[in-house]
Every structure is written in C-alpha cells, then in structure tokens.
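Notes for the one structure printed next.
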Amino acid sequence: MVIEGLRSGVPYRELAKTVAFGRGRYIEVVEHLLEGAAQGRHGKERYYLVRANYGEGKTHFLHSLWGRAEDRNFVVTMAAISRETPLDRLDYLYPKLMENTFVPGSSLAGLDAIVGRAFAEPGILAETRMLELSPRVMTVVENIVAQNEGYEELLADLSGSFLSLSDLKRVHRLNYGKPLKLERSSLRDEGMQYVRLLDYLIHKAGYAGWLILFDEVELIGKLGKGQRSRAYANIGQFLTANLEHTVTVWALAANFHADVLNARQDREVAPLWLQSRPKEAELAPLCVQGIDALMEAKRLNPLSEADIRELIAQMYLLHQEAYAWHAPFSAAELYEKVWKFSPLRDTKLRTWVRLTLTVLDVWFQYNCDPVISQVDALLEANLEEDDLGATMTEPPLIVRSPLF
C-alpha cells in the first residue's frame, strides 16, 4: 500500500507515517500548536501556513500532520480547495469540511460520535449559550438537547445539510409545543457559527482538539476579484475566530505570491473592493488579515541530499518487502543510479520518487537498469482566473527496458 501510494502520488496517513520526507522541523512547529490547543493555552496563534513548489511534498506534509494529530486524540479534517470546496462561500465550504472530518481511529467521516458524546455530557445547553452563537445555531442546539423529535434532521444540519427555516420551525414545534420566532439569516453568514459550535462540541466530547488541513489554497487565484476578496476574508475569519480547541494549517503553491498577490495587487485591491459594498465592508479588516497571513507563509525548503538519500533508502527497503525480492545493489548504489537520471539540479521531490520507483520496478521485473529517454520538469500551478478546479497533470516519464 505504501509503495502504491508513492507510485500514484496520492498521499494518505499510513504512507505519511511510514515514509519520512525531511519535514521534521515544520512538523514540530505544528505539534507545538496542537499541544497548546489541547492544554487550552490562550492568547496564542493556532495556525500555520506553508508554501512550496508543485511536487515538493505539501500534501504529504499535511498527511504527516494528520497522523501526528490522530495519535494525540485530535479530530482531523482535510479538504483540498476546489470549485466544489470554495473558500469564498462558507456555506459551501462547511459541508465539504464535514464530509472529510474523522475522529481518531475511524476510517469513516462523520459527526455521529462527536455529537453523541458531547450531548451526553451535562451542562451543555448552558455552556453553549455562553458562546454567544447565532440564534439559528442555538436553536439547533436546543432541539438536540430536547432529544425528542427530529434528531436525524438536526444531525444532518450540523453536518452541512442545512435545514430550511420552515423545517427548523417544524422540528422546534414538535419538541417544545410552541412556534419558533426566528428571523431568516443567510447561511453564508452562519458558516463560521457552525465551525465555532463544532470546536466546542469536539472538546466537550472528550477529544484533545480539532486539526483542519487546507490543501491547494492557491486555487483562490482562479477566482474573480470579488470572490478572491471574500476568500481572503474567510481565511481571516478562521485565523481570528475564537476557536479555542482548533488548529488550522494551510498549504499553497509557492508561485501564489508572485502570480496572484503581487501581480494583481490584492493586498490593496481586495479590501477596497469589500469596503465599497456596504453589506460586506465589515469583512475588509478580515481580508487584510487573511492576505497578510498568506504573505507570511513559511517556505518548505527543498530536501537536502541527506534527506533524499534517506528517502531513497526507505523506498529501497519498502519495495523489496512489498514484492518479496532482493535487490543486487545497495541503497547507496540505488541513489547513484537515480541521480544520473535526474534532469535538473533542483529536481522536485515527486520526480525523485518517480525515478526511484522506476529503477526498482525495472530491476525487479527485468534485472537490469532502465533506459529513461525523457523526464520533463514539473511545472508550477496555473493560477489564471476563471478556471477553478483545473487539475495539475504530471509531465511524462518515458521509460523502456533495454530488453525491448
């Protein structure tokens, strides 16, 4: 499974726990944030932003954090930004987050365990009232506490399948025998209220905290000016909301700064765009905070030669164990074989992995070195506007065995 994960380029928790990609010092920073959230330390930032070129291991880094957080009894959510998971609309983003929320030890996403354990605890209604949540979210809480009618509908609402106002009023009448006076509100504005409630429920259910991992944040660049402005403001909301038990980590492409923030002058343009609209003017300061945080994202340094040698040594052992064979050369000799195929001095991590697996695969099948006639360099993400959701495709690695 680990080898096939490396081959496909699709990271997952088991792979990230098994294969070290030389990101120890970055992981330690996030582990410190997790420790602070678990201990309830106040007044500290609970977010971390990283950037790196395509193919340098951003997604693998996030999965490594997932494994560390799960070991610490954290609930983990991981979502890649896309057209279906947009940062400019919290009412669309929140359901996608819930679809990718996992309690420790579970391979199935969902809030059932969190809600069941949290609402079994005494005092939950009084405590949630102290959070000063919106009237809509408090209505959902009050009706779950009643534990009479509509529980499945209310659980679905917390999971992002939001009840209509009329359905929420119907459930309330069934539980309390009286009509509900609740003004209509925009679900776009309720998204962060639901996030704040879930931050509390996760803690109340006995978990150490909540880690939210955002991947491919650079796809904000695919949005138009107004959507980008709202997306920056929503990042600002996540970073500044009173989420006492939550840590967020954001990964974006290295070229986002030059191709989006600088080229489009978003630090000046985006807040002004929001300020010009009375209904959204209050988002302008949050927009500034979101952009400033993106500008300060830590760069994931390329792996050193020692890191690459360690990675190749791990793959050398794992490949032989996976396919029950014995390579007629050492891990150090494998590094030399792979190095001679490297097309560039700054070869990306993903290319090192692909080349290493190619050499091992051909030796396993044909007992000889491959002939690699073409290895194209990995390109940076295309962040042109109006094409959100376009996927990055890897360039070809053209290989043949010398036997053919």
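The values are calculated or read from the model by the stated rules, or taken from the named source; none is laboratory data. A quick note: this is a predicted structure, and the numbers were derived from the prediction, not measured. Cβ atoms come from the backbone with ideal geometry, glycine included; neighbour counts cover every protein chain shown. Side chains are part of the model used for accessible areas, which takes the heavy atoms of the whole protein and leaves out ligands, DNA and RNA. Shrake-Rupley method; radii C 1.70, N 1.55, O 1.52, S 1.80 Å.
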Inset, instruction - Write out, first by first residue and then by second, each pair whose Cβ atoms fall under 9 Å of each other, whose residues are 6+ apart or on separate chains, and whose first residue, in the stretch 44-73, is more than 22 Å from residue 311 (Cβ to Cβ) and open to solvent by 20 Å² or more (accessible area, probe 1.4 Å) while the second is part of a helix (DSSP H, G or I) and aromatic (Phe, Trp, Tyr). - result: 47/238; 48/26
Inset, instruction - Answer yes or no: is there a residue in the stretch 348-364 that is free of Cβ contacts under 8 Å to residues at least 60 places away in the same chain, surrounded by fewer than 18 Cβ atoms within 10 Å (Cβ to Cβ) and not in a helix (DSSP H, G or I). - result: no
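Please tell me if residue 204 is more than 24 Å from residue 80 (Cα to Cα) and of a type in the set (D, E, K, R). Reasoning before the result, please.
Numbers: more than 24 Å from residue 80 (Cα to Cα): yes; of a type in the set (D, E, K, R): yes.
Considered against the rule, which asks whether it is more than 24 Å from residue 80 (Cα to Cα) and of a type in the set (D, E, K, R), residue 204 comes out as yes.
One line per residue, one yes/no per condition, for (1) open to solvent by 30 Å² or more (accessible area, probe 1.4 Å); (2) on the phi > 0 side of the Ramachandran plot; (3) in contact with a strand residue (DSSP E or B) (Cβ under 6 Å, 6 or more places away or on another chain); (4) among the charged types (D, E, K, R):
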| residue | (1), (2), (3), (4) |
| --- | --- |
| 26 | no, no, no, no |
| 92 | yes, no, no, no |
| 103 | no, no, yes, no |
| 120 | yes, no, no, no |
| 129 | yes, no, no, yes |
| 134 | no, no, no, no |
Legend entry - Answer from 154, 168 - the residue that is more than 30 Å from residue 287 (Cβ to Cβ), open to solvent by less than 10 Å² (accessible area, probe 1.4 Å) and free of Cβ contacts under 8 Å to residues at least 24 places away in the same chain: 154
Inset, instruction - For residue 309, indicate whether it is open to solvent by 10 Å² or more (accessible area, probe 1.4 Å), basic (Lys, Arg) and at pLDDT 95 or above. - result: no
Legend entry - Residue among 323, 335 that alone is open to solvent by 10 Å² or more (accessible area, probe 1.4 Å) and in contact with a Lys or Arg (Cβ under 9 Å, 6 or more places away or on another chain): 335
Inset, instruction - Tell me, yes or no, whether the stretch 363-380 has at least one residue that is in contact with a Leu (Cβ under 8 Å, 6 or more places away or on another chain) and at pLDDT 80 or above. - result: yes
Inset, instruction - Output the number of residues of the stretch 235-263 satisfying the condition of being open to solvent by 30 Å² or more (accessible area, probe 1.4 Å), touching a residue at least 40 places away in the same chain (Cβ under 8 Å) and either assigned to a strand (DSSP E or B) or more than 30 Å from residue 201 (Cα to Cα) (or both). - result: 1
Legend entry - Lone qualifier among 189, 167, 157 - being among the acidic types (Asp, Glu), out of contact with any strand residue (DSSP E or B) (no Cβ under 9 Å at 6 or more places or on another chain) and modelled with pLDDT under 95: 189
Inset, instruction - Starting from residues that are assigned to a helix (DSSP H, G or I) and in contact with a helix residue (DSSP H, G or I) (Cβ under 8 Å, 6 or more places away or on another chain), keep the ones in the stretch 105-118 and report whichever is surrounded by the fewest Cβ atoms within 10 Å (Cβ to Cβ). - result: 112
Inset, instruction - Could you identify the single residue in 327, 306 that is assigned to a loop (DSSP other than H, G, I, E, B) and more than 25 Å from the chain's Cα centre (by Cα)? - result: 327
Inset, instruction - Just need a number here: residues in the stretch 267-294 that are open to solvent by 80 Å² or more (accessible area, probe 1.4 Å), touching a helix residue (DSSP H, G or I) at 6+ places or on another chain (Cβ under 9 Å) and part of a loop (DSSP other than H, G, I, E, B). - result: 1
Inset, instruction - Go through the stretch 78-90 residue by residue and tally those that are within 23 Å of residue 185 (Cα to Cα) and touching a strand residue (DSSP E or B) at 6+ places or on another chain (Cβ under 6 Å). - result: 1
Inset, instruction - Quick one: residue 98 ticks every box in (1) at pLDDT 95 or above; (2) closer than 26 Å to residue 247 by Cβ; (3) open to solvent by 20 Å² or more (accessible area, probe 1.4 Å); (4) of a type outside the set (Asp, Glu) except a single one, so which number is it? - result: (3)
Inset, instruction - Please list, ordered by first then second residue, the pairs with beta carbon atoms under 9 Å, 6 or more apart or interchain, first in the stretch 207-225 and in contact (Cβ under 8 Å) with a residue 40 or more places away in the chain and over 24 Å from residue 46 (Cβ atoms), second of a type in the set (Phe, Trp, Tyr) and open to solvent by 10 Å² or more (accessible area, probe 1.4 Å). - result: 225/273
